[in-house]
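Structure, as structure tokens:
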Amino acid sequence: MQLLLLAVGPALLFTVPAAEDLVIPSSLDTLLGTWYILRWVGTIPIPRQKRREPLLPFSFVQNYNGKLEFRMYIRKPSGCHLFKLPFTEEADPGSFLTWWRHLIHIWLLTPRTYGVAFFSDKINNQWITMVMLFGRTLDDHPMALELFESLLEEKGLNTREIVVPPHVDACEVTRAP
């Protein structure tokens, strides 16, 4: 949360009186359930045409180990495949470590039905930065969008590169033979 407040807070202090209430760190309990990716920006090497492909909702669940787990069906030519990524909650509120040892920061925004995830780390000797705005519904909210764009600017990401993905509700799940 401190990172996000450092990134977003100064820009918002002049426009919104209670900036400290706009962003709170997430936790296992606040993230459980279904979410939709509303916007994202990143330096990840994904071809332009792939960036515009429809996305399915994702969910956070508590797995059999009691840990937070990100789950999303990924569409591939062979069908849909379930992607699972367990997170370990770190001591710093809103920070989660993946089994790949990547740190992901997740905060809830105002209103609390929106969140933002931030990742920046080296993968295959290349720095990758990603920021994602997600919500409980597909509806946009002006305050959530403003906070998201402020974070992008503070992290040096281009707001003209924001991807607004189309959405689908379901796809055919591939079954193992």
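Here are some notes:
- ³J(HN,Hα), Karplus 6.51/-1.76/1.60, whole Hz, each residue of the range 152-161, x for Gly, Pro: 4, 4, 5, 8, x, 8, 7, 5, 6, 8
- Label-point separation in nm, D139 to N65, each point 7 Å along Cα→Cβ: 3.7
- Residues with amide H under 5 Å from that of L157, placed H, sequence gap 5 or more: none
- With the gyration tensor restricted to C-alpha atoms of the range 2-161, the semi-axes of the equivalent ellipsoid amount to 24, 19, 16 Å, longest first.
- For the range 81-98, the Karplus equation 6.51 cos²θ - 1.76 cosθ + 1.60, evaluated at θ = phi - 60°, returns couplings of 10, 6, 9, 10, 9, x, 10, 10, 5, 8, 5, 6, x, x, 10, 9, 10, 8 Hz by residue, with Gly and Pro reported as x.
- Sum of side-chain charges, F119 neighbourhood, beta-carbon under 13 Å (Lys, Arg +1; Asp, Glu -1): +2
- Cross-link partners of K155 among aspartates and glutamates (Cα-Cα below 15 Å; sequence separation of 8 or more within a chain): D121, E146
- What the Kirkwood sum gives for the range 40-121 is a hydrodynamic radius of 14.6 Å, with every pair of different alpha carbons counted.
- Using a Förster distance of 30 Å, the FRET efficiency for D92-E161 (Cβ separation, nearest 0.05): 0.60
- For the chain, the longest principal axis of the alpha carbon atoms and the long axis of helix 2-13 meet at an angle near 50°.
Rule-based calculations on the coordinates, nothing more; no lab input. Just so it is clear, the structure is predicted and the values come from calculations on it, not from any experiment. All Cβ positions, glycine included, derive from the backbone under ideal geometry; neighbour counts span all protein chains shown.
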